1. So what J values fall out for segment 236-249 if you push phi through Karplus, 6.51 cos²θ - 1.76 cosθ + 1.60 with θ = phi - 60°, rounded to Hz, Gly and Pro as x?
2. Roughly what would the spin-label model give for Arg330 and Glu37, points 7 Å off Cα along C-beta, in nm?
3. Roughly speaking, what % of Cα-Cα pairs in segment 186-310 are separated by over 25 Å, rounded to a whole number?
4. Note down the nm distance, to one decimal, between modelled labels 7 Å out along Cα→Cβ at Ala226 and at Arg78.
5. Calculate how steeply helix 103-117 sits against the longest principal axis of the alpha-carbon atoms of the chain, using the helix alpha-carbon long axis, and give the answer as 0 to 90 degrees to the nearest 10.
6. In terms of Cα to Cα distance under 16 Å, which aspartates and glutamates are near enough to Lys167, apart from those fewer than 8 places away along the same chain?
7. Students often check this: by mean Cβ neighbours within 10 Å, which of 116-126, 5-15, 90-100 ranks highest, and how do the rest follow?
8. Read phi for every residue in segment 62-70 and hand back ³J(HN,Hα) as whole Hz from Karplus 6.51 cos²θ - 1.76 cosθ + 1.60, θ = phi - 60°, with x for Gly and Pro.
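Read-outs: derived from the displayed coordinates by stated rules, not from any lab. In this text, all values refer to a predicted model and were calculated from it rather than measured experimentally. Glycine also receives a Cβ, built like all others from the backbone with ideal geometry; neighbour counts cover every protein chain displayed.
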Amino acid sequence: MDEQRIKHRKLGSGGLTVSAMGLGCMGMSTAYGAADETESIATLHQALDLGINFFDTAEQYGPYTNESLLGRVFKGRRHEVVLATKFGFKIENGVTTGITSEPGHIRRAVEASLRRLDTDYIDLLYQHRVDPAVPIEEVVGVMADLVREGKVRYLGLSEAGVANIRKAHAVHPISALQSEYSLWERNLEADILPVLRELGIGLVPFSPLGRGFLSGTAQRAETYPATDFRHLDPRLQGDNFDANVRAAKVVADIAATKGATAGQVALAWVLQQGDDIVPIPGTKRRSYLEQNVGAVDITLTKAETELLESALQKVAGERYSKERMAWVDR
């Protein structure tokens, strides 16, 4: 596959340029079933060969093991990649127990991430979740110090709301907001996307395939083990699952008419929402990676777009459990 098929896009106004599609790496180490390191390593290398240079990780993924994996794989290829990682969760004995952006914790987390990633700098550093106990201005002040020290190049936020986005950007330019966005989850459109565009901040959608639902691979929540992130997904439970299967059928129907997969159609929709949007579909398998990259060749007509958006306007169930939603700044 010709890597030139993947163009580049700018995130923010500060000069951060990345491939128009990135790769979410969380599932290589945690959340979605058993890890397969050999296949994950092959997938990371193939992503680079296909023209993807934007890789998303976090200290929480594993925890810690995902950053170490990327550090090993990209040793010798660091100049080819844009690495994004995150701090902000309290991790005790390998378990996430809460959120924290206490200034001392930020510095310790970033130093540890640099060691695991085996690099002198992080391209894009996100606050993983807003900590209501620490003013965002104080958090971004520490992050900005890390930029001045050369340990970080660009700053981002994850799942932040309008007020905190504005406050953060006033302290130091924010290049990207990472948040869930897809045909399946469009909560950003009313308030947050307009503010991002007003301020010149890019959007990095995670779960652009609805954790497999839009690609047609998701199963009922109860079929996943308790260690799988989807086990507690309200949208995959009971009547919600049945209603959402019916709604998502239109994605597969349109894909069939275009000779594409459902996942490619769902990703094409995200890509067409603006050149300031860079989705990071996650996968740990080369076969799915190749499918995802194929989305860049698909153009949806106005009629197809309207049909997709109408069918998935209302999705049954919250996107997270009550406990996880409490960590989202809305």
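1. With coefficients 6.51, -1.76 and 1.60, one gets 9, 9, x, 5, 4, 4, 4, 5, 6, 4, 5, 5, 6, 4 Hz.
2. 3.8
3. Values: 2226 of 7750 pairs.
Here the long-distance tail beyond 25 Å is 29 percent of all Cα pairs in segment 186-310.
4. 4.1
5. 70
6. Asp131, Glu137, Glu138, Glu159, Asp191, Glu198, Asp329
7. Ranked from most to least packed, the peptides come out as 116-126, 5-15, 90-100.
8. 3J(HN,Hα) across segment 62-70, in whole Hz: x, x, 6, 5, 5, 4, 4, 4, 5.
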